[in-house]
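As structure tokens, the structure follows; a few thoughts come after it.
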Amino acid sequence: MTDEEWLAARFEASRSRLRAVAYRILGSLSEAEDALQEAWIHAAGGDADAVANLDGWLTTIVARVCLDMLRSRKSRREQPLSPAEVAGADGATMAAMFGEPEQEAVLADSVGLALLVVLDTLSPAERVAFVLHDMFALPFEDIGAATGRTPAAARQLASRARRRVQGAPAVPDVDLARRREVAAAFLAASRGGDMGALLALLDPDVVLYADRAAGPSGKPAVVRGAEAVAKGARAAAVSRAPHASLALVNGSPGVVLAPLGHLVLVLVLAIPEDRITRIDVISDPARLDELELALLS
């Protein structure tokens, strides 16, 4: 066996793990596969014989390639999919949108849709540092090599990313827990089509504001009253529920619609007491970029 054949065998043996690293950094299965192809070119042209930790070396190469891709690619939100497009997409359309849906869905589920959405708000270097350290336990020496920083600077990157991922709620923990319960109950009632539960969770004078990108008409919409909002939530949940999950939105629990981790819509819920008084439905990419998203602990 030649040196190149030996290295190719080792690369193939590590492919599953390397793909997982690339997917968590990039959030796209097709891009992860592209990254692995590029990483192999770099690895084949390197001096593997001088490497003490081959797995770490390969992971670092993949991470560098992914970092370059994050920095150079255009944001997915420049040409956003409408919620209606997502809701009506069949398997072939989903494949064209996001790659092979079944494989990517498995990966997305393994990471968590909300986490993929939050990772998308990090800078490229923060995302790489967080994924490599918090998900794959790589030492900061390797992370520094992948991001072009010292180990100390890589540690700071990962720490800053972790704080952003976990969020710093602007409300007391007890209040946040109560709001989370209301938001979770609203999502569950919508998914289950439970009108009674929805009406109990909505203030009688609740108002829903949807931006022009959120609806099929292409115009902003306003819906007033608990019954009208509940009917709309129940109808929308039929197609959107599989892609919806809870997340912190500007420090308060809300709902994100993210098929395979690709953010297309956010519900911002105003919950001053025990009922939802206002819902902002946001799908405009510029407005989505302004939101502070974090995971619910």
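Cα centroid separation, the stretch 186-218 to the stretch 115-162: 37 Å. A simple count of charges around Gly56, restricted to other residues whose Cβ falls under 10 Å of its Cβ and scoring Lys, Arg +1 and Asp, Glu -1, yields -3. Is the stretch 173-294 rounded, prolate or oblate when judged by the Cα gyration tensor, a ≥ b ≥ c being the square roots of its eigenvalues, rounded requiring a/c under 1.5 and prolate requiring a/b larger than b/c? Verdict is rounded for the stretch 173-294. Would you please classify the overall shape of the stretch 24-77 from the alpha carbon gyration tensor, given that a ≥ b ≥ c denote the square roots of the eigenvalues, rounded means a/c under 1.5, and beyond that prolate means a/b larger than b/c while oblate covers the rest? Here the stretch 24-77 falls in the prolate category. Neighbours of Ala158, meaning other residues whose beta-carbon lies under 15 angstrom from its beta-carbon, give a summed charge of +4 when Lys and Arg score +1 and Asp and Glu score -1. When Phe136, Phe11, Phe186 are arranged by Cβ crowding within 10 Å, least crowded first, meaning fewest neighbours, the order is Phe136, Phe11, Phe186.
Electrostatic bookkeeping for His42 treats Lys and Arg as +1 and Asp and Glu as -1; over the other residues with beta carbon under 14 Å from its beta carbon, the sum is -4. Put in order of Cβ neighbour count within 10 Å, fewest first, the listed residues Val21, Val206, Val268 become Val268, Val206, Val21. The ranking of Thr60, Thr277 by Cβ neighbour count inside 10 Å, starting from the fewest, reads Thr277, Thr60.
Coordinate-derived values only; no laboratory data. Nothing here was measured: the structure is a model prediction, and the numbers come from that model. Neighbour counts are summed over all protein chains in view; Cβ atoms, including those assigned to glycine, are modelled from backbone coordinates with ideal geometry.
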